[in-house]
Amino acid sequence: MTSPGAPHIGSWPIRVDRVVYTTITLMAVLIVYDGWQKRSLAGVVAVIVGPVLAIFLSHIFAAALAHRVTTGKRLSARERRAVLVKESRFLLIAVPPLGVLLVLAAVGVSYARAIQVDVGLGVLSLGFWSGLAGRRAGLTGWAFVVAVLYGLGVGGLMVGLHTVLQPGISILP
């Protein structure tokens, strides 16, 4: 949800909830995917953009269904356009990991290592948003530190799931 005090990119308010869950979803995909060295640059870009695009499309689809259930009518062209514009900012979430990938690939870093950097930045992003939430809630001192650590811990949990979710690795005997 956005409020007057919500962070903004220009005039667009940032939906922190959506940034956070899309970051976690994208991190999960990047962690689980195997075979980065077998992919072309376009293939690696597709693995990054795919989940974000899927979530974007799901929001558009859900908005249309919710409108129809609530009102009993289809979205008008104007309403459909408004939903597309509102949800299109969601696609910006793919920009930072793509930028990191392209810069690192340009200097010769392997795709697998670039993805590891992207996942690490995802963890830091979760720590940032938790810290921002803590600061906005008036937390200081250790309470603020715990808020940041909470976000970093959620990101760390995602990285830890790698050992469980990675293809070819079994945790069961």
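Bear in mind these aren't lab numbers, they're just calculated from the coordinates by the rules spelled out. Predicted model only: the values in this text are computed from it and were never measured. Every residue, glycine as well, gets a Cβ built from its backbone with ideal geometry; the counts of neighbours run over all protein chains shown.
Building the convex hull from the alpha-carbon atoms of the range 8-165 and averaging its projection over directions returns 12.2 nm².
Residues whose amide H falls under 5 Å from that of residue 75, counting only those 5 or more places apart or on a different chain, are absent, with hydrogens built in the peptide plane. Going from the residue with the fewest nearby Cβ atoms within 10 Å to the one with the most, 34, 118 rank 34, 118. Between the DSSP loop rule and a limit of at most 16 other Cβ atoms within 10 Å, which trypsin sites (Lys or Arg not before Pro) in the range 11-62 are left? Here the trypsin sites (Lys or Arg not before Pro) that fit, given the DSSP loop and packing criteria, are 39. The residues 79, 87, when put in order of fewest to most other Cβ atoms within 10 Å, stand as 79, 87. Each 5 Å bin from 0 upward holds the following percent of the Cα-Cα pairs of the range 79-163: 3, 13, 15, 15, 16, 15, 13, 7, 2, 0. Summing charges over neighbours of residue 31, with a neighbour being any other residue whose Cβ is under 15 Å away from its Cβ, gives -1 when K and R count +1 and D and E count -1. Ranking of 158, 27 by neighbouring Cβ atoms within 10 Å, starting from the fewest: 158, 27.
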